[in-house]
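Worksheet: one structure, shown below.
Read-outs throughout are calculated quantities, based only on the coordinates presented, and are distinct from any laboratory measurement. Note that the structure is a prediction, hence the values are computed from the model and not measured. Cβ: placed from backbone, ideal geometry, glycine included. Neighbour counts: every protein chain shown.
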Amino acid sequence: MIMDRFLVKGAPGGLLGRRETRQTAEGRAELEGEEESSRKRRRREAPGDGVAPTAPSWQPIRAQSLNCDYTVLFSKAEADEIFRELEKDLEYFTGALARVQVFGRWHPIPRKQATYGDAGLTYMFSGLTLTPKPWIPVLQRVRDRVSLVTGQTFNFVLVNRYKDGLDHIGEHRDDEKELAPGSPIASVSFGACRDFLFRNRGSRGKKASGKAEVVRLQLAHGSLLMMNPPTNTYWYHSLPVRKKVLAPRVNLTFRRMLPALK
């Protein structure tokens, strides 16, 4: 798998906090050396009951300014249960909110979308201003597990449902002004395993100035991908069409948003 080229080898079972990698001109990621991490220590203790689930085994993924961590967070049985609840309980946008503006023209979104979160938040996306619905139990369950293993808090989630491999999302960066500065984005996937691509901003278009290799991941059922700063400043990501994929996928991207200005 292409992701293997960008994995930091020899990392312990937790998130790698002391090493970075740098992508060479040939596109390989290599260890750069020891340095202190400013990231919070990941929590192992469950709040309230004192019972901690098994600590996840993290795979650090590094390239030039790309800083991600990947793990399969939920067992298959638990992921299956959560996926069934998501399919039953989620309410997706319809009508005008199910369109996206591209180069001044409106098009149907090639997937289903919904937003949930705390009161008083808004999210602007491709010409739309979205107000989140209140949290529902299944989303709170996933959010709290992510917070438990990362030590991060989230007040908003964007939901994307891909009915099959024809549903997709193009290259973009999650760099909206409503995002709390310096906060990570937690991407949790349920359902069909799909390819997920990162492309460096300097390697896009006909006038690309860089030659950074595309980073290709496969996001499994029940997996968590942490996109840490400065990833979304320098790297675009996408979920391309895969015609052979026939099953649905639901992706939850948890974020920390700033309150809407009054």
I'd like the distance between the alpha-carbon centres of segment 127-165 and segment 172-241, rounded to an integer number of Å.
17
If packing is taken as the mean number of other Cβ atoms within 10 Å per residue, what is the order of 171-184, 56-69, highest first?
56-69, 171-184
Length gained if TYR92 through ALA260 is fully extended, taking 0.36 nm per residue and subtracting the Cα-Cα distance, is 58.3 nm
Quick one: grab the alpha carbon gyration tensor of segment 106-178, order the square roots of its eigenvalues as a ≥ b ≥ c, and give me rounded if a/c is under 1.5, else prolate or oblate depending on whether a/b is larger than b/c.
prolate
Segment 51-145 - percent relative contact order, Cα under 8 Å, separation 6 or more
17
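Can you flag which of LYS163/LYS243; LYS211/LYS243; LYS177/LYS211; LYS88/LYS163; LYS211/LYS244; LYS112/LYS177 are past 18 Å Cα-Cα?
Working: LYS163/LYS243 12 Å; LYS211/LYS243 28 Å; LYS177/LYS211 28 Å; LYS88/LYS163 14 Å; LYS211/LYS244 29 Å; LYS112/LYS177 23 Å.
Pairs exceeding the cut-off: LYS211/LYS243; LYS177/LYS211; LYS211/LYS244; LYS112/LYS177.
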Packing-ranked peptide list from 135-141, 213-219, highest mean Cβ count within 10 angstrom first, is 213-219, 135-141
Can you list which of the chymotrypsin sites (Phe, Trp or Tyr not before Pro) found in segment 70-122 are DSSP loop residues with at most 11 other C-beta atoms within 10 Å?
PHE103
The answer for GluC sites (Glu not before Pro) in segment 52-132 that fall in a DSSP coil and have at most 12 neighbouring Cβ atoms within 10 Å is GLU91
Would you mind classifying segment 121-262 by shape? Square roots of the alpha carbon gyration tensor eigenvalues, ordered a ≥ b ≥ c; an a/c under 1.5 is rounded, otherwise it is prolate if a/b is larger than b/c and oblate if not.
oblate
